[in-house]
1. Out of A:N206, A:N152, A:N233, any idea which swings most in a Gaussian network model of chain A, alpha carbons joined below 10 Å?
2. How much accessible area does B:H434 have with a 1.4 Å probe, in Å² rounded to the nearest 10?
3. I'd like the trypsin sites (Lys or Arg not before Pro) in segment A:1-89 restricted to DSSP loop residues with at most 11 other Cβ atoms within 10 Å, sorted by number.
4. Arrange the residues A:F240, C:F63 by how much accessible surface each exposes, largest first, with a 1.4 angstrom probe.
5. So, taking all protein chains as they sit and a 1.4 Å probe, how much accessible area belongs to B:V172, in Å² rounded to tens?
6. How large is ³J(HN,Hα), in whole Hz, for each residue of segment C:233-239 in order, when computed from phi with the Karplus curve 6.51 cos²θ - 1.76 cosθ + 1.60 and θ = phi - 60°, using x for Gly and Pro?
7. Just in segment B:486-548: which trypsin sites (Lys or Arg not before Pro) are loop by DSSP and have at most 14 other Cβ atoms within 10 Å?
8. Give the shape of segment C:1-153 as rounded, prolate or oblate, defined through the alpha-carbon gyration tensor: a ≥ b ≥ c are the square roots of its eigenvalues, a/c under 1.5 means rounded, and otherwise the shape is prolate if a/b is larger than b/c and oblate if not.
Amino acid sequence: MTRSLGVTLGVARRSAGKLARNPGPALPPLLIPLFMFAAVSGALSRVSGTKGFTYYNYTAFAFVFVLYMAAMFVGVFTGIEIAGDYATGIGARLMLAAPRRLAIIGGYLLTSFVRAAFSLAVVWAVALVTGMPVRGGPIDIAGLIALALMLNVATTLYGAGVALRLQSVGGGVLIFIPVFMVMFLTPAFVPRHLLTGWLNTATSLNPLTPAMESGRGFMADAPFHVVLAFAANAGLVLLFLVWTITGMHKAERGPGGGRSRRPRRSKR
Amino acid sequence: MSDVTIAIVAGAESGRELRVEKSLLVGRGPGSDLVIPEPDVSTRHARLTPSGSAISIEDLESTNGTFINGERLTGTRLLQAGDVIQVGTTTLEVRAQKPPADPPKPPASPPADPPKPPASPPADPPKPPASPPADPPKPPASPPADEARLNLPGLQLTRARVIPTLPTLVLVTGQLAGTNVPVGEQVVVGRDAALADVILDQDSDVSRRHATFSPSGDGMTVQDLGSTNGTFVNGQRITQAVALARGDQVQIGETVIEVLIAAQPVAAAAPAPTPIPEVKGQAPNSIEVKGLVKQFGEHRAVDGIDLFVSPGEIYGFLGPNGAGKSTTVHMLTTLLPVSGGTARIAGFDVMKQGPQVRSTIGVALQAAALDPQLNSWEHMDLQMALQGVPSSERKQRREELIERVGLTQRASRRVSGYSGGMKRRLDLALALVHRPRVLFLDEPTTGLDPQSRTALWEEVSRLVKEEGMTVFLTTQYLEEADVLADRVGIIDRGEIVAEGTPAQLKAEIGRPTVEVTPVEGTDSNAVSDVLGRFGELVSAAHRGVAVRLRPGIDDLADVVRALDAQSLKVANVELHAPSLDDVFLVKTGRSLEGAGEKPDAAAEPA
Amino acid sequence: MSTSVAVPRVSSSVAGQVRTIARRSIARTLRQPAVIIPNMLFPLFMLAVLSKAGNQATKIPGFPTKSYITFVLGATLVQGATSAATLAGGLLAEDIEGGFMNRMLLTPASKSVLIIAQLAGVLIVGFLQSIIFLLVGLAFGVTVKAGVGGALVLLAIALLLVLLFGSIGLFTAAAAGSLAQVQALTGLFIALMFLSSMLMPRNLIKHEWFKTIATYNPFSYLVEATRSLLVTGWDGQALALGIGIATGGVILALFGAVIVLQRTLERT
């Protein structure tokens, strides 16, 4: 256990050190949501005056989407980092050193979590500076942030699973695009009841939608489907944890899918 | 005048007799007086020099040696009648000069004082002779056309200057002066009897396959075949096929050829052929570098190097990483401007005549720069199109080159699926599409397996031997320089620290040493006596006997045979020959292998 | 007797050089479906989502059309054209980094031709892409207010936009010399797109700060030019501004790329 913790902390330290020396890669997951926030709240705020839109403030409405985007994009870019490490052979080196390989992913997860917390803080600060009204109390806001961080964990695990399977930088596209698409298949710009046709159906089936709506409920001090939201997010975390574990097994087997290279415990 | 002559009794020019009235260079290179085109013959192999009434011979540090009466020649030696000289597979015999029985025949070569060409083309049109003859001009006093030098069976050759039907070449000066050659089909002019139709074998300025004349409609065209010294039409050197008109004058070596087209007599007062101006110092296949400098900021990557590469030579440029090899190549191939000094490739200045340089050279750079999305055919098509190869020639040319580099089976696959060796071979083929005269190879075998490396060496050797190409090769592999290069320049930290043939360079620092370990019970003194015949005894390891071989003895077999002849049993025989690494070590105090430093990012080109 | 004939050389004309390099550019571009397809699918996805999610905006008084998909198709065409930057710039950066540019510099081909003819591939792909976007839009109810002629002009503007962004990509590759810098353009263009009048007409933007940003953002004029043909009909001012900015951008970017590359790609 101690050794695994050491691996986790070692990988996390390395990841953090890389960012400290070269902070460039940290910017896109932070800046894109901020641009989106400016664009959506700036361009579409008049939608709040249309019939059917009953939320208390459009900026606050858009804010939840942007907050989740910030958390999830950190996960996406962490997945891309893992893909890069495996493509260059560093991943293989880590796997040789670590007795329990999942501890490696634990390290990336830890860094992603911390970066996400930082991104969330920045997005919150920007939103408050622009005068966004917040009706929810501290527990509501804590709930919102918890949902965001759970989405960060789920996305990081998804990205890790893809990276472990593909082990190439080209896998970055397969991490980014599905997450992006899933995010936009939520009530991103208007509430679900104002969506029609296939988009309404898609958002209803999207496991991200409960978190989106519940988060807005927290912001408005009107909790909505809280249990469903946390259950859905927990389900996503579990699903992608399995995805990552099976990905690690594939990575251990190496190309060609031979027998697992994991050492077997002696039966004696 | 000497009392002896040299007769070629075996080899390519068997039956020829040479009078050595001035220094005569024997070698493989086209600059030699007696050219022996054999792989065992060095570019500059030996020299025959009149010495009073005798002839002396000097071996010029040839790789495979010059043998006199079966003994390898070292230094200079006076020849006597009856001596037999062996150079490669060519045998020369020294014969006593016979007193002339008949009046001397007119010389086979042009008059002793041919008109000297002016230093620059004349500004005015050529003037007719001061007193034009009243009668139609007689052909110059020269022997009858040597029909052995004309591989044109069935053609009617005349001396008259009235040509019945076909466009005709009139050889006005040179060894076949007075000969008319109708051009009904393609006619090749050259020095090699096996390859040419009109053979100018006594003119060393003529290449083996020099130029072709081809009928074209009612007229004809002339095309230079990549000759060493060029083909000139009306004083202008040609680089592509040129249509000829009546009265045009073509010069090949010393031979001036007048073009006659259509059935009409030539005017009685034909003007004297315009002497083609001699362009001094131009050696079309050569590389001349003087004081070449490349500065990157404060750093001098190349610090004033001089070198000259003769036509048809393979010049090896050897040095560790970061020495300045690639920077030098980039300057010579016009990819980097020069900071100081001059460089001329095939006579063209790299700074002022960049386009001309590029049309003359082929380049395979350090990285086989290929497009992973294209296949070999597409690469070839792209390269030929950009190089201006006519579309009618492209299909044949690309098939020929792809086959030559052994890529036919995989030519339709994209380069992304090629191995390193395959990429290198394609890279070489691309460098050759436009038949360059000078080929630059920048570390061509780096990263290749031994088999691919050997194949590439063979191809480079073939290019030089068969096509007369000049090759400038940079390498950090000693063996490559040793095997391939005629001469080697060793560069370190931007300066040339040593230059010469591999044998010369190694000889500079010492002769090979043979070390013998006798078996238990064998008389070491007896072994020493035997070895002592081969050179100077030197200190050896415990129980061993070592001798530093004297010049002329390089073969271990002789030593072994001598020991065997005395029934001396030995446990081990080793030959320690100096290597180019030893040369580098002596010159720089460092070993070449492992001397590579990380190239300065600002210094070396990407 | 004579063996193989020496190959005579003729000087390759500019037209011939352009043809040769363009052929290669097209082959290279079309052989990278992994790059082309995502660049095509992503804008189509955004079109699909926005066309439904943005419908509420059509209820804003003064909104110029009842069909949000018609409104946003112009922006989709612009967004699609931006991928030409990474495609063209990426191919040029690969040529420079990989040494293939040196190979071409050793031929008689002129440097300007070597650079500009690289655009051939992206122009073909970009043009085909624009046709696909228009056809998909028409299939899902888009109407072209300017008629058939307007549709043709729309495609011509789309081609001009591909040329614009391709030139920007070339300039970036020339100036930066690395693939990473070229790929960073994607994020920049996403940000500029969202900070434009892509989602809402400028006159209906509620927040002055956003309206100012959109007014100074050249992307707004590109979007408005394409949108005008779909929504308004023949709007001379919008067309003139959009075409003018695009043309000016092409000239500047191409000129800049040629100047920079003339210096960086040394050849005597």
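The values are calculated or read from the model by the stated rules, or taken from the named source; none is laboratory data. This structure is a prediction, so every number in the text was calculated from the model and none was measured. Reconstructed Cβ throughout: ideal geometry from the backbone, glycine too, with neighbour counts over all protein chains shown. Just so you know, the surface numbers come from the protein's heavy atoms only, side chains and all, with ligands and any DNA or RNA stripped out. Shrake-Rupley method; radii C 1.70, N 1.55, O 1.52, S 1.80 Å.
1. Of A:N206, A:N152, A:N233, the most mobile in the Gaussian network model is A:N206.
2. In the full protein context, B:H434 sits at about 10 Å².
3. Values: sites: A:R3, A:R13, A:R14, A:K18, A:R21, A:R46, A:K51; in loops: A:K51.
Those that pass, being in a loop and sparsely packed, are A:K51.
4. Details: A:F240 45, C:F63 20 Å².
From most exposed to least exposed: A:F240, C:F63.
5. Spelled out: B:V172, probe radius 1.4 Å, area about 30 Å².
6. x, 9, 9, x, 5, 4, 5
7. Working: sites: B:R487, B:R493, B:K506, B:R533, B:R543, B:R548; in loops: B:R493, B:R533, B:R543.
Answer in residue order: B:R533, B:R543.
8. On the way: a/c = 3.58, a/b = 2.82, b/c = 1.27.
Here segment C:1-153 falls in the prolate category.
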